[in-house]
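The values are calculated or read from the model by the stated rules, or taken from the named source; none is laboratory data. Predicted, not measured: the structure shown is a model, and the values here were computed from it. Here the Cβ positions follow ideal geometry from the backbone for every residue, glycine too, while neighbour counts run over all protein chains shown. Note: areas computed on protein heavy atoms with side chains; ligands, DNA, RNA excluded. Shrake-Rupley method; radii C 1.70, N 1.55, O 1.52, S 1.80 Å.
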Amino acid sequence: MTSHSRPAFALSAGVVRRRVHEEMVLLHVDRQRYYGLDPIGADIVTRLVTQPPEAALDALARDYDVERTVLDRDVAVLTTALLDAGLLDRVPRGH
Amino acid sequence: MDTDLSAAGSRHLSADLRVAGIAPVTLPGRPAVESLDASRRAWRRVWSLPDRLVVEFVGIATAEVHDDGRSVVLDRALPPQLERHLLDDHLLPLALARKGELVVHAGLVSRAGRAIVLIGRSGAGKSTLVGHCGRHEWTVGGDDGVALRGGSPWTAEPIYPGLRLTAESRALLDLPRPRGEGLFGKWQVGPQETGPRSQGPLPVAGVLLLEPSPLTGPAQLCMLRGVQAHAVLFQGTFHPDLGDARALESVVDRLAQLAEAVPVGRLGVPRGRAGLASAEHLLRRVLAG
């Protein structure tokens, strides 16, 4: 399996994920940092941690009928926020 | 099918905790989970150890709560009212949370056998609204801690059936001026003043976050879903105060189940009698579903 066929992101160790209705709670239990995602954010994170990045982004662009450039920008904003909060980690290439 | 939940193996939660002795309590040599006051000063420090809790009430006393779930050691003798307050309002909720109960900082009122849980930080007005409801044909459960249990239906049980009010709140509820010395500016209110107390678990009709409103006019109710509902519940729990990371995963999961099963909302209550009256009407609406 190549690095391009693996997800690019993973939930950080110590992060609890739980769906509540269509939304998602992320809690870093050690840092006690609590984060909530709306249904779209929840869907984005779920796909990014379970699918290879290009497949996830292609599917999101198709399912939400949005231009890829707009999607890439919005996803970058979300992932940056989650990375900065310590809730998400980048999966090293070649790992 | 009606189920007599109050007889279904429930016991009075506060009967579990008593002071076993006065002895020196060693503060653990590791960081505590601190609770801060409005001036960002620590007023309580909690250490969750493998076999006990150590709780320092800064400038007041330090307590050790052992995992037999019943005995507390204090590092000094305290006046009875203060001792009871620390046991019921602070140590018991923490001890119950540590034992796996889902415990929230909340008051409880009930009517027709169903409960509404009122979550709120200290000073939000829980006790005043609970007292007001007690004087308007609701049954008072308590004003400071509630244990929530999953099931069909979810149930709520007050940690202890007490109610304490400031002199200002007593006047607002047309209660006589308090006598004697209060504790931290509050006085116990008896059943003769606000009606009978409920103690056992009751089905939950709703959980509301109580927020004082700076506005005039009627109280405002906003029902919540999803993450907003979960966040309201989470911020009301005692579990983060324990600093037990492993237990939080279960708490998050159970709160999600609760948020999906029970109406959750925010109740903004303006100060004053009109605010209380309109809030009480909104509680009746929540009860009616």
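Worth pointing out:
- Over all Cα atoms in the protein assembly as shown, the spread is summed up by Rg and Dmax: 23.3, 77 Å.
- Counting only protein chain heavy atoms and rolling a 1.4 Å probe, the accessible areas of B:Met223, A:Met24 rank, largest first, as B:Met223, A:Met24.
- If R0 equals 25 Å, the separation of the Cβ atoms of A:Asp38 and A:Arg62 corresponds to a calculated FRET efficiency of about 0.80.
- Evaluated over the Cα positions of segment B:65-144, the convex hull gives a direction-averaged projected area, one quarter of its surface, of 6.5 nm².
- Between segment A:40-65 and segment B:110-155, the Cα center-to-center distance that results, in Å: 43 Å
- Take each residue of peptide B:239-249, count the partner chain Cβ atoms within 10 Å of its Cβ, and average: the result is 3.
- In terms of accessible area, using a 1.4 Å probe and ignoring ligands and nucleic acids, B:Lys126, B:Lys99 rank largest first as B:Lys99, B:Lys126.
- Here the spin labels are modelled as points 7 Å beyond Cα on the Cα-Cβ line, and at B:Arg246 and B:Ala274 they lie 5.5 nm apart.
- Efficiency of FRET from Cβ geometry, A:Arg93 and B:Arg284, R₀ 45 Å, rounded to 0.05: 0.15
- Förster radius 30 Å - calculated FRET efficiency between B:Ala261 and A:Leu11 (Cβ-Cβ, nearest 0.05): 0.70
- Mean per-residue shielding of peptide B:220-229 is 4, counting Cβ atoms of other chains within 10 Å of each Cβ.
- 16 Å reach of a label modelled at B:Leu27, 7 Å along Cα-to-Cβ, counting backbone N of segment B:62-83: B:62-64, B:75-76
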